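Engineer: Okay, here's the structure, questions in a sec.
The values are calculated or read from the model by the stated rules, or taken from the named source; none is laboratory data. Every value quoted in this text rests on a predicted model; they were computed, and no experiment measured them. Because the Cβ atoms are built from the backbone with ideal geometry, glycine has one as well, and the counts that use them run over all protein chains shown.
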Amino acid sequence: MTIARDNLMSLQSHILAEEAKHPSATGDFSWIISAISLAGKVIAHKVRRARLEGVLGDQGTINVQGESQVRMDVIANDIIMRCLGSRASVAVLASEEQEEPTILRRGREGGKYCVLFDPLDGSSTLDTCGTVGTIFSILRNDAEVPDAERTVCQPGRQQIAAGYILYGPSTVFVITTGYGVDLFELDPHIGSFLLVTSGVRMPQRQKTYSVNEANSASFPAEYQRYLKWAHGEGYSSRYIGSLVSDFHRTLMKGGVFMYPPTQANPSGKLRLLYEANPIGFIAEQAGGVSMSGGVRTLDIEPAKLHQRVPLVVGSVEEVGHVLRHA
Ligand code: AHG
Ligand code: MN
Ligand code: MN
């Protein structure tokens, strides 16, 4: 459902209205979304001024993923840590850019939620003015589990909220709390994310696939069979190299995005806890499907914080075409 332009509903008021539907709600969760919204506004500003402030390019360090960090990865990570670190209900923060989770407070000290995030997804496209984004996933803190990494290693079906902020021609905030997907746009003149679409639905079919075909020689045979089939069916190919951008197009227009196992990344490149799970939750809540290695992404029991998985996510019919070539 698209909201009439004159309906001024901010992210904050929308979350509070949603919260009012849950009598046991205490407002802590809204505070976390508010912190993520603040971080998104600050990162959006930084991303747009990165060239002028001379903070593009490599940091000269390698992160826990074995990938070279760009300076904006570190800047975005620091912004999120500062915005979320001050919120009393956050127990654990876990970032793509940090090897270990950060424990802020135990359950008995009020730590109710764990927030996992990819501070800047697609950051390698930043220096050519590509669209990048922040991906987040919110889990309940399991106060009985003393080990922070084990606390955050929960299957994606246990997420209580997930979403992303897209820094493109406009700044878009997409979120689900398990009751459908809502889309907000930042109005920079008033500094608020305004509700644009409530109940986003992913089209059931669209003849577009999104994959890095340069790796296709090392894809498992079923993916190669699917691509051969799609080439004969008049599909178009779209690939930006930024998960959050490639997925947002898939959410809005339909199609299928996939990152299969490759020679360089035999388990797939994308990280389960802060890329595949939040994206998969959004996809399912919008009527799409998310699969990893033939099973539902959200049912995978994580073993490690930075665990990688293959990902096939998108329209029901389009993911079906990929799966039936298995
Ligand atoms: P990140 O920038 O957070 O490291 O993520 C990059 C990921 C994802 O955004 C994208 O889909 C994928 O890397 C692209 O990988 P290839 O360049 O190997 O296609
Ligand atoms: Mn990423
Ligand atoms: Mn990243």
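Engineer: Checking the condition under 19 Å from Ile33 (Cβ atoms), hydrophobic (A, V, I, L, M, F, W, C) and within 16 Å of ligand 1 (Cβ to nearest atom), which residue from Ile175, Ile160, Ile165 passes?
Structural biologist: Ile165
Engineer: Also: Looking at region 262-269, is at least one residue touching a strand residue (DSSP E or B) at 6+ places or on another chain (Cβ under 9 Å), under 24 Å from Leu139 (Cα atoms) and within 13 Å of ligand 1 (Cβ to nearest atom)?
Structural biologist: Within region 262-269, one or more residues are touching a strand residue (DSSP E or B) at 6+ places or on another chain (Cβ under 9 Å), under 24 Å from Leu139 (Cα atoms) and within 13 Å of ligand 1 (Cβ to nearest atom).
Engineer: In this structure, does Ile138 turn out to be surrounded by 16 or more Cβ atoms within 10 Å (Cβ to Cβ), away from ligand 1 (no atom under 16 Å from the Cβ) and at negative phi?
Structural biologist: The answer is yes for Ile138.
Engineer: Considering each of Gly268, Gly287 in turn, give the residue that is within 26 Å of Gly168 (Cβ to Cβ), in a loop (DSSP other than H, G, I, E, B) and within 16 Å of ligand 2 (Cβ to nearest atom).
Structural biologist: Gly268
Engineer: Something else: If a residue has to be in contact with a His (Cβ under 6 Å, 6 or more places away or on another chain) and under 18 Å from Ser30 (Cβ atoms) to count, how many in region 165-200 make the cut?
Structural biologist: 1
Engineer: If I filter region 115-134 for residues that are under 21 Å from Phe29 (Cβ atoms), aliphatic (A, V, I, L, M), assigned to a loop (DSSP other than H, G, I, E, B) and more than 16 Å from ligand 1 (Cβ to nearest atom), do I get at least one hit?
Structural biologist: Checking region 115-134: not a single residue is under 21 Å from Phe29 (Cβ atoms), aliphatic (A, V, I, L, M), assigned to a loop (DSSP other than H, G, I, E, B) and more than 16 Å from ligand 1 (Cβ to nearest atom).
Engineer: If you don't mind, there's one more thing I want to ask. Among the residues of region 180-197, are any within 22 Å of Val316 (Cα to Cα), assigned to a loop (DSSP other than H, G, I, E, B) and of a type outside the set (Lys, Arg)?
Structural biologist: yes
Engineer: Further question on the same structure: Being away from ligand 1 (no atom under 16 Å from the Cβ), modelled with pLDDT under 90, outside any loop (DSSP other than H, G, I, E, B) and not assigned by TED's automatic domain parsing to the domain that holds Pro278 narrows it down to one residue among Arg87, Arg48, Arg82, Arg108; which is it?
Structural biologist: Arg108
Engineer: Right, something else. Can you say whether Thr125 is of a type in the set (S, T, N, Q), surrounded by fewer than 24 Cβ atoms within 10 Å (Cβ to Cβ) and not assigned by TED's automatic domain parsing to the domain that holds Ile279, as far as the supplied structure shows?
Structural biologist: So Thr125 passes the test.
Engineer: May I ask you to list the residues in region 224-264 that are surrounded by 21 or more Cβ atoms within 10 Å (Cβ to Cβ) and in contact with a Pro (Cβ under 7 Å, 6 or more places away or on another chain)?
Structural biologist: Gly254, Tyr259, Pro260
Engineer: Here are some residues: Val132, Val152, Val92, Val115. Which one is within 24 Å of Val181 (Cα to Cα), more than 16 Å from ligand 3 (Cβ to nearest atom) and either at pLDDT 95 or above or of a type in the set (A, V, I, L, M, F, W, C) (or both)?
Structural biologist: Val152
Engineer: What number of residues within region 223-260 satisfy the criterion of being away from ligand 1 (no atom under 12 Å from the Cβ), under 17 Å from Thr297 (Cα atoms) and in contact with a Phe, Trp or Tyr (Cβ under 9 Å, 6 or more places away or on another chain)?
Structural biologist: Looking only at that region, the number is 1.
Engineer: So which residues in region 76-98 are touching a residue at least 40 places away in the same chain (Cβ under 8 Å) and over 13 Å from Ile36 (Cα atoms), if there are any at all?
Structural biologist: Ala88, Ser89, Ala91, Val92, Ala94, Ser95, Glu96
Engineer: Among (1) over 18 Å from the mean Cα position of the chain (by Cα); (2) away from ligand 1 (no atom under 16 Å from the Cβ); (3) within 19 Å of Leu270 (Cα to Cα), where does Arg150 come up short?
Structural biologist: All conditions pass for Arg150, except number (3).
Engineer: On the basis of being crowded, with 16+ Cβ neighbours inside 10 Å and either in contact with a Ser or Thr (Cβ under 6 Å, 6 or more places away or on another chain) or within 23 Å of Ile80 (Cα to Cα) (or both), does Gly163 make the cut?
Structural biologist: Yes; evaluated as a whole, the condition is true for this residue.
Engineer: Touching a residue at least 24 places away in the same chain (Cβ under 8 Å), buried (at least 21 other Cβ atoms within 10 Å of the Cβ) and not polar (S, T, N, Q): which single residue out of Val152, Val196 fits that description?
Structural biologist: Val152
Engineer: Take the residues of region 149-179 that are touching a Leu at 6+ places or on another chain (Cβ under 7 Å) and in a strand (DSSP E or B): which is nearest to Leu272 (Cα to Cα)?
Structural biologist: Filtering region 149-179 for residues that are touching a Leu at 6+ places or on another chain (Cβ under 7 Å) and in a strand (DSSP E or B), the one nearest to Leu272 (Cα to Cα) comes out as Val174.
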